[in-house]
Amino acid sequence: MSNFGMDYQGGDVGGGFGGGGGGFDGGGGFDQGSSQQSAQKPKRNYDEQTLTPITIHMALEGHPDESGDGSIVLQDGRKLSNVVVIGSVRQFMNNSTNVSYDIEDGTGLITVKQFVNDEDCSAILECREKTLVDSIYVKAIGTVKDYEGKKMLMANSVRPLSTGNELTHHFLSVIHSGNKHKTASSIVPPMSVMSNINNGVGFGQAIGNVGLNSSGTGNPTQDKALAIIKEIGEREPGGCHINQIVQAMGGVPEGEVRQIVTELSDNGEIYSTTTEEHFQVAA
């Protein structure tokens with residue numbers, strides 16, 4: 001397996017690619033005209049304008065969205081809007097209209113292009129100047145584009161890292177974001193739960209015949225509690241409160257419900273979140 005240079009340290013001198021262009025120079029297919037045309041396109045919905053942390057390999061393995069709007073879709077099905085990558089500058093070209101970087105992060109290498117503006121303030125110019133160093137680690141934020149089968153990051157921002165912890169935090173964020181998407185995609189609220197929600201206010205009515213889509217615990221009462229925690233946890237980031245479980249269990253004594261929750265926690269089926277009485281289903 002290729003070593004993409006994660007042994008490089010920020011600030012070291014000497015890029016790994018010598019001279020030559022990065023493939024997407026000032027004469028490439030992405031020019032200011034196409035950028036202006038993109039700006040004229042209708043804005044995406046707010047929900048689609050998310051900032052997704054990714055590795056360069058994920059960008060390179062993505063494919064254009066079938067809608068033809070120029071978006072890239074990751075292999076796990078996520079449609080990218082804005083992304084953030086962190087990597088080491090392997091070479092750069094400071095052109096009159098843009099700055100082009102070849103950046104790699106240990107998983108792959110991608111060209112990052114940022115257009116310059118004559119009206120940029122001195123702080124922006126100073127920050128940009130600090131990125132024009134071989135092997136320095138930078139954070140790039142922008143959109144991934146596909147140009148004749150080659151991926152490229154059109155950046156809105158490129159800046160050097162303020163601390164090495166940003167690199168660690170970024171890769172942890174990539175893992176967390178991927179797992180969150182995987183969990184959300186695999187969870188489907190049981191129809192009996194949704195039916196009771198539609199027929200009543202909140203969880204005022206008992207939820208009956210609720211089961212998990214997975215194999216469950218084998219205990220119908222525990223499976224019912226798990227389904228409740230899962231359904232509420234999808235809607236409330238803080239998790240499902242024990243009182244909501246008691247209310248939704250419909251007639252099951254509170255002491256018994258708390259014992260069920262304790263057993264589920266001990267078995268690793270659920271975990272506490274913001275407080276000791278808020279729970280989420282373990283992925």
Counted neighbours (other Cβ, 10 Å), sorted fewest up, put Met58, Met93 in the order Met93, Met58
Any lysines whose Cα falls less than 25 Å from that of Lys113, other than same-chain ones fewer than 8 residues away, would be Lys41, Lys43, Lys79, Lys130, Lys139, Lys145, Lys150, Lys151
So, with points 7 Å from each Cα along the Cβ direction, the Glu119-Leu172 label distance in nm works out to 4.0
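When the chain is fully extended, how far beyond the present Cα-Cα distance does Asn219 get from Asn95, taking 0.36 nm per residue of separation? All intermediate terms of the calculation are to be shown ahead of the outcome.
Working: separation 124, 0.36 × 124 = 44.64 nm, distance 6.63 nm.
Computed gain between Asn219 and Asn95 is 38.0 nm.
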Footprinting proxy, Ile141, Ile86: sorted fewest to most Cβ within 10 Å, the residues are Ile141, Ile86
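So what's the net charge close to Leu74: Lys and Arg +1, Asp and Glu -1, counting the other residues with Cβ under 11 Å from its Cβ? Walk me through the numbers before you get to the answer.
Numbers: positive: Arg78, Lys79; negative: Glu61, Asp65, Asp76.
Its environment carries a net charge of -1.
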Inter-part gap, Cα centre of segment 159-177 to Cα centre of segment 62-103, in whole angstrom, is 17
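Just want the ordering: Asp223, Asp65, Asp105, from fewest to most Cβ atoms lying within 10 Å of their own Cβ.
Working: Asp223 20, Asp65 14, Asp105 23.
Starting with the residue having the fewest Cβ neighbours, the order is Asp65, Asp223, Asp105.
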Charge tally for neighbours of Lys139 with beta carbon under 9 Å away, counting Lys, Arg as +1 and Asp, Glu as -1, is 0
The answer for His241, listing residues at least 5 apart or on another chain whose modeled amide H is closer than 5 Å to its amide H, is Phe279
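Excluding Asp266 itself, calculate the net charge of residues whose Cβ lies under 15 Å from the Cβ of Asp266, where each Lys or Arg counts +1 and each Asp or Glu counts -1. It would help to have the intermediate numbers written out before the result.
Details: positive: Arg258; negative: Glu263, Glu269, Glu276.
Net charge around Asp266: -2.
Read-outs: derived from the displayed coordinates by stated rules, not from any lab. Bear in mind that the values here come from a model prediction, so they are computed numbers and not experimental data. Positions of Cβ are backbone-derived with ideal geometry, glycine not excepted, and every protein chain shown enters the neighbour counts.
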